[in-house]
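*Asks:* The structure follows.
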Amino acid sequence: MSVAGTDAIGLGPGGGGREGGWGEAPTGWRAVPGNRPVITALAVMVLLLTLMVPMGGLIEGRDWMIWFAAFGGGVLVLGAVLRAARLPGWSVTLIELLAVPLALVASFAHQTAWLGFIPNGETWERFVAMGKNVALAIVLEYAPLSPQIGLSALVAAGAALLAVVFDWYTFTVRAPAATGLFATLTMVLPVAFLRDGVTLWKLAVPAVAFLLVLAVSNPVARPRLQVVDQWVHGVLGVMRAAVVMAASVSLAAAVAWVVPGLTSDALIKPGEGPARFVSGVNPLVELGADLREQGSGEVLRYTTDAGPLYMRMTTLAEFDGTRWKHAAGSTAAFTPSVDTAVPWVDSGYPTPDYAASASVKVEITNLRATMLPAPYLPTEVSGATGDWKVDGDDLTINADLASVTDQVYRVEVMLPRTVPDASAAGQIATSSVAGSALADADQYLELPPDLPAIIGQTADEVMAEASLDGPDASPLAQATALQNYFRNTDFTYSTTTPAEEGYDGDSGAVVARFLEVKSGYCVHFAAAMTLMARHLGIPARIAIGYLPGKEVSGQSGGDPGLVTYSVKANQLHSWPELYIPGSGWVGFEPTAARGVAPTYAPEPSRTAEATVSPSPSPSLSASPTPSPSASASPSASAKSSAPATKSGAGGGGDGGSNWRDWLRVLPWVLGGLLVLGLATLAPAAARRGRRRRRLAGPRALAGAWDEARDLAVDYGHGAPAAETPADFGERLGGLMGGGEAARALAELVAEVERAAYTKEGVAGTVTGSDQRERYRSQIAVIGRSLALTVPRGRRLRIAWWPPSLRHPHHT
Amino acid sequence: MVTGPMIIDSPTHTRRSVSARPTAVPTEAGLWDALAAQAHSVEVNIGRVISGKPDAIRLAVTAFLAGGHLLIEDVPGVGKTMLAKALATSMGATVRRIQFTPDLLPSDVTGAPIFNQETRQFDFEPGPIFANIVIGDEINRASPRTQSALLECMEERQVTVEGTTYALDDPFLVVATQNPIDMEGTHTLMEAQRDRFMMRIAMGYPDEGAEQAMVKARANGEPIKQIGSVVPLATVRDMIGACRQVHVADAITAYAVAITRATRHHQALRLGASPRAAVHLVAAARAYAAMHGRGHVLPDDIQALAEPVLAHRLMAISPASGVEAAAQLRAIVRAVLAGVRVPVPLR
């Protein structure tokens, strides 16, 4: 009767013991679920590679894909080869883990390593430096991150690690479903870091690949949990699937929800203190967010006798209608510790006839960034450590292997010569510019085809009103007119209006909307003026950096001419730079509330708002760079405008921010759920792993005996230390109601007695694969039969948390 | 009725059947099987006169094959003497009986020199101790001096009278019986003397059916007369020798010693088991294993024999009286067993 019961309930597909997972060798190809190792390996490889689909957009360019595929695929191939050579599962993983660092060294630090792949102290330092840079980039930049060597190394290492985990779970643990969990965890990255989120189909690609893995690895034939009762097995399978499905579905749902709202602040907002700077494809919106959110802590201070200076960090010149991008141009390596001369200044860069020079000592007090703040036009930089690169188009200085944190450096700048004759502005164009024509002017004139008409119309109207619409109009006069247009009329400065009105950003549509609403912050002013200048044929770009800051009293250090200025986090700013023939790149300040207009573009009376300044002739009596007076406090004026807009937009903002807050927590909640799911399945997996280890190797008999006793403990029958093997076998045999399982146990007991107590057994015998296979099938049968000795609910609980896990029997 | 060896198809022990022996040497396996079959035939033969007491019978045979001595402690009339006699008869061994009384002298046991009128010399007249199986009935009624004379013979397997040493028969087994109910004028064996017995067993009352069978059997005359020898004495000597060859793994020795030592600091005991107890335990386990057709001792053998081998050597702190005293000590031995880990040395 009991035998019939066992057959009816216990043995499902593959339940005959030898056909089941336990009938196979513990390692090697045969260990692969479903006996389709090659196909399974390929499916896992496909899953790994498809993970690149949702990750696209995290890093610029395609290099990272090559590294990802090379390292991830390489590890899987290595694992396949080692397993084909019948190495034990743990050693395969070990070899993989050893090979990966060597490959990383050979790929990313071979210059420093002995023989090109043996790491040494120098290699370590290089990786530390790369790590710092990557960490900085991740914290500071927005996706897609600009490619750098450290990032490639990180991608390679991550892919390799993921591959090791996949390989281990699929072939050693024989739980291919676990790959899904790790794949899902990987997919959290793009969801969290990409501001536009990830479209569903991109997540669906790895999901399909995962289903492929499940399908070819044949879950039905997967090794049994210790409970091999079909019902419990099914429940656990459903649980596993449910965890994976829940994770995927909630991620997908989160993506669908989050696309408009979630910014990367959710995951990478740096703590309280440090200010940060933004770069990459689309920094301007974040710049707006920064202006709204950033505190007023000091980020840097500089000392000079040249008056207040704008500190430039980067420029944006490429515009496709929706986004501004830094124009990727030529760069030159720059190591101030070796040669302080800034590259390009003497060759290729359109340097006007600047006369005055000044020395600026910059001290970074609390800023983490990969761009070196410097006034325009830097000619020499001394004191800065690390490797940098200088952009040939705009002379901005970016980190190669460096960080600005805590740097103290001195920048020699060329200050523009005072333009002699204001009334003859038009003539300057042909005067004294070295390399007079801008070499690649086209990219600074490019306008997207779908640019809203209002931008060009407004520019034309402004020119018409200023009588500068003729073909002979001087670019400088036109530029000044544009600047005055923004400073004169009823434009108001507000960091919150655009967000509330729904036109936050920098796209053409946003600029158009800004021109209608006439309220925004520096991004809008700068973008609008840049686009309008381009419409008028003046090469233009957006500069990003810091306002000149406020003079610090008593910090002049003895020299009466030296003045120290303190720049705060909320003085982050953007402004247009226009190329004026004869003067080179000239900064303008259309944002009245933030900066102060350059003196060559005198500020008209703002109170007479109906009166548009007719002044077409700017007084070019001063320098052509913006030179805001130190007395004007930009932060104060920004503050003065902020309360006004805030009071107007009261409560609605709060609700929105709550919603956003909740969204920011979402990735963490999902991550927590995943961890929870993993933790739920972990005990059973650990128990299974223990069984597998025990039944492999030369001590398989001892392992089988321990396993049998642990099974008895699991199902509440106990295995007292004072019980003889024979008594144990007899007792459990009775509990199992005789039959196949009792016979299997009796056989096992007989082997144990022979090995432990007979003359021949004590002398020792070799455990061959035949024996191991027999033990495996014996244990499988015993486990199945013991499972049926407890009620169903308890069986499930035991499968989830095997009691023997905490105190395993050990012979 | 039936005389001569009985052919036994296969041993059907009341305890579970012996585990399979996968790769024992065939000849050796045959040896143990033959030994088990012969021992079983003896058990069956004895069972024909002692109904319903297979455990007591097996332990008696075990002690005999292990070369130990047996103390049977029980109330009168349950077949103590009958067991001893049947054991002797089954093996074709000589058996003599000594009824101990307070006035019995040591020379009444060992024998004494008798003056021979013809040769005008003192000839040694062997006492009842000269037999394969000596039944010492109600040993507790003898004087301590006589008791110790018997015990000396048991230990040394020889008798020295007037400077001459006489070897005792081989095999030699003393089956002493003792009445556990305290009675006037008895001298209960001291601990040191009890220690010389390999086992103490109790017969216990037969169950109702067995008792009826006993009564009926008497109708056909003395039952002991109806059984004969099933194993010749020479074979029994071989069997005893073979039992000494049974393999005892180091782990088994360690287990026996561990059990013995555990009795010495058991909280309910005033006196634990001696090192001799461990020696007896292993020796008995050898015979027990052989009787089950095995060439090696299992922890199960040790466990099965722990009670009869150890209990009578122990002294409880608060001893029970009468029959319960033995039961109390057996319970303590079981408790000790439950606290000692069974070694399973697997590599």
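Read-outs: derived from the displayed coordinates by stated rules, not from any lab. For clarity, every value in this text was computed on a predicted model and none was experimentally measured. Quick reminder, even Gly has a Cβ in these numbers, built from the backbone with ideal geometry, and neighbours come from all protein chains shown.
*Asks:* How far apart, in nm, are the 7 Å Cα→Cβ label points at B:Glu191 and B:Val215?
*Replies:* Rounded to a tenth, the inter-label distance reads 4.4 nm.
*Asks:* Can you tell me the FRET efficiency between A:Leu805 and B:Ala327 if r is taken as the Cβ-Cβ distance and R0 is 51 Å, rounded to the nearest 0.05? Kindly include the intermediate steps, with their values, before the conclusion.
*Replies:* On the way: r = 41 Å, r/R0 = 0.81.
Here the calculated transfer efficiency is 0.80.
*Asks:* Would you mind computing, in nm to one decimal, how far apart the modelled labels at B:Asp207 and A:Val517 are, each placed 7 Å from Cα along Cα→Cβ?
*Replies:* With each label point 7 Å from Cα toward Cβ, the separation is 9.9 nm.
*Asks:* Additional query: Taking the Cα centre of each part, how many Å lie between the range B:117-171 and the range A:73-126?
*Replies:* So the separation of the two Cα centres works out to 86 Å.
*Asks:* Same structure again: How large is the dipole of the range B:251-339 about the Cα centre if only Lys and Arg carry +1 and Asp and Glu carry -1, each at its Cβ, rounded to the nearest 20 debye? Please report the intermediate quantities before stating the final value.
*Replies:* Details: 9 positive and 4 negative charges, 48 e Å.
Taking the Cα centre of the range B:251-339 as origin, the dipole is about 240 debye.
*Asks:* Here is a follow-up. How many partner chain Cβ atoms sit within 10 Å of a residue's Cβ in peptide B:298-306, on average, as a whole number?
*Replies:* 4
*Asks:* As an exercise, take the mean of 1/r over every pair of distinct alpha carbons in the range B:27-245, invert it, and state the Kirkwood radius in angstroms.
*Replies:* 18.4
*Asks:* To continue, here is another question. For a quick check: with amide H placed at 1.01 Å from N, whose amide H comes under 5 Å from A:Thr492's, ignoring anything fewer than 5 positions away on the same chain?
*Replies:* When sequence neighbours closer than 5 places are left aside, the close amide H contacts are A:Ser519, A:Gly520.
*Asks:* Where in the range A:67-102 does the amide nitrogen come within less than 18 Å of the point 7 Å from the Cα of A:Val38, taken along Cα to Cβ?
*Replies:* A:76-86
*Asks:* For chain B, what's the relative contact order in percent, using C-alpha pairs closer than 8 Å and at least 6 residues apart?
*Replies:* Relative contact order, chain B: 23 percent.
*Asks:* Is there a quick way to get the dipole size of the range A:690-805? I mean about its Cα centre, with the Cβ of Lys and Arg at +1 and of Asp and Glu at -1; what is the value in debye to the nearest 20?
*Replies:* It comes to approximately 600 debye.
*Asks:* Need one number: % antiparallel among DSSP beta bridges in chain B, to the nearest 5.
*Replies:* 40
*Asks:* From other protein chains only, count the Cβ atoms within 10 Å of every residue's Cβ in A:724-731, then give the mean.
*Replies:* That works out to 5 on average.
*Asks:* Which value in nm describes the separation of the simple spin-label points at B:Thr101 and A:Ala69, placed 7 Å from the Cα toward the beta carbon?
*Replies:* 11.3
*Asks:* What FRET efficiency, computed as 1/(1 + (r/R0)^6) with R0 = 51 Å and r the Cβ-Cβ distance, is obtained for A:Arg794 and A:Ala85, rounded to the nearest 0.05?
*Replies:* After rounding, the FRET efficiency stands at 0.70.
*Asks:* Rank B:Ala242, B:Gly204, B:His187 by how far each Cα sits towards the positive end of the charge dipole of the range B:180-262 (+1 on Lys, Arg Cβ; -1 on Asp, Glu Cβ) and give me just the farthest.
*Replies:* B:Ala242
*Asks:* Assuming 0.36 nm per residue, please report the length gained on full extension of the stretch A:Asp387 to A:Asp440 beyond their Cα-Cα distance.
*Replies:* 16.4 nm
*Asks:* Turning to a different aspect of this structure: How would you rank B:102-114, B:129-141, highest first, on the average number of other Cβ atoms within 10 Å across their residues?
*Replies:* Going from most to least packed, we get B:129-141, B:102-114.
*Asks:* Under the 0.36 nm per residue contour assumption, what length would be gained going from the current alpha-carbon distance of A:Trp114 and A:Trp201 to full extension?
*Replies:* 26.8 nm
*Asks:* At a 10 angstrom cut-off on C-beta neighbours, averaged per residue, how do the peptides A:389-396, A:789-796, B:250-257 rank from highest to lowest?
*Replies:* Put in order of decreasing packing, that is A:389-396, B:250-257, A:789-796.
*Asks:* Here's a follow-up. Mind checking Rg over Rh on the range B:289-347, alpha carbons, Kirkwood formula for Rh?
*Replies:* That ratio is 1.09, to two decimals.
*Asks:* Could I ask something else about it? Which one, B:Ala338, B:Leu269, B:Gly293, projects farthest toward the positive side of the charge dipole computed for chain B from Cβ point charges (K/R +1, D/E -1)?
*Replies:* With unit charges placed on the Cβ atoms, the residue in question is B:Ala338.
*Asks:* A follow-up question, please. Local charge sum around B:Thr81 (other residues, Cβ-Cβ under 9 Å, Lys/Arg +1, Asp/Glu -1)?
*Replies:* That works out to +2.
*Asks:* At 0.36 nm per residue, minus the direct Cα-Cα distance, what do B:Ser148 and B:Phe122 gain on full extension? Give it in nm, one decimal, please. Spell out each step's value before the answer.
*Replies:* Details: separation 26, 0.36 × 26 = 9.36 nm, distance 2.52 nm.
Answer, rounded to one decimal: 6.8 nm.
*Asks:* Same structure, new question: Among the listed pairs A:Lys325/A:Lys361; A:Lys759/B:Lys85; A:Lys202/A:Lys389; A:Lys759/B:Lys53, which have their C-alpha atoms separated by more than 32 angstrom in this model?
*Replies:* The pairs that break the limit, which is 32 Å between Cα atoms, are A:Lys759/B:Lys85; A:Lys202/A:Lys389; A:Lys759/B:Lys53.
*Asks:* Where does the charge balance sit around B:Pro113 when Lys and Arg score +1, Asp and Glu -1, over other residues with C-beta under 10 Å from its C-beta?
*Replies:* Cβ neighbours under 10 Å give a net charge of -3.
*Asks:* Here is a follow-up. What does the structure give for A:737-749 when I average, per residue, the other chain Cβ atoms found within 10 Å of the residue Cβ?
*Replies:* Working: counts 0, 0, 0, 0, 0, 0, 0, 0, 0, 4, 3, 0, 2.
Other-chain Cβ atoms within 10 Å of each residue's Cβ, averaged: 1.
*Asks:* Rounded to the nearest Å, what's the spacing between the alpha carbon centres of the range B:228-273 and the range A:722-756? Just the number, please.
*Replies:* 24
*Asks:* Still on this structure, I have one more. Among B:307-316, A:323-332, B:267-276, A:67-76, how do they line up from the highest to the lowest mean number of other beta-carbon atoms within 10 Å?
*Replies:* B:307-316, A:67-76, A:323-332, B:267-276
*Asks:* Continuing with this model, one more query. For the range B:27-245, with only Lys/Arg (+1) and Asp/Glu (-1) charged at the beta-carbon, what is the dipole magnitude about the Cα centre, in debye rounded to 20?
*Replies:* My answer is approximately 440 debye.
*Asks:* Residue farthest toward the positive end of the dipole of the range B:27-245, with Cβ of Lys/Arg at +1 and Asp/Glu at -1: which of B:Ala217, B:Ile135, B:Val75?
*Replies:* B:Ala217
*Asks:* Still on this model: Rounded, prolate or oblate: pick one for the range A:690-805, where a ≥ b ≥ c are the square roots of the eigenvalues of its C-alpha gyration tensor, a/c under 1.5 means rounded, and failing that, prolate if a/b is larger than b/c, else oblate. Kindly include the intermediate steps, with their values, before the conclusion.
*Replies:* Numbers: a/c = 1.92, a/b = 1.55, b/c = 1.23.
Taking the square roots of the gyration eigenvalues as a ≥ b ≥ c, the range A:690-805 is prolate.
*Asks:* In a shell of Cβ-Cβ distance under 15 Å around A:His809, excluding A:His809 itself, what net charge do Lys and Arg (+1) and Asp and Glu (-1) give?
*Replies:* +4
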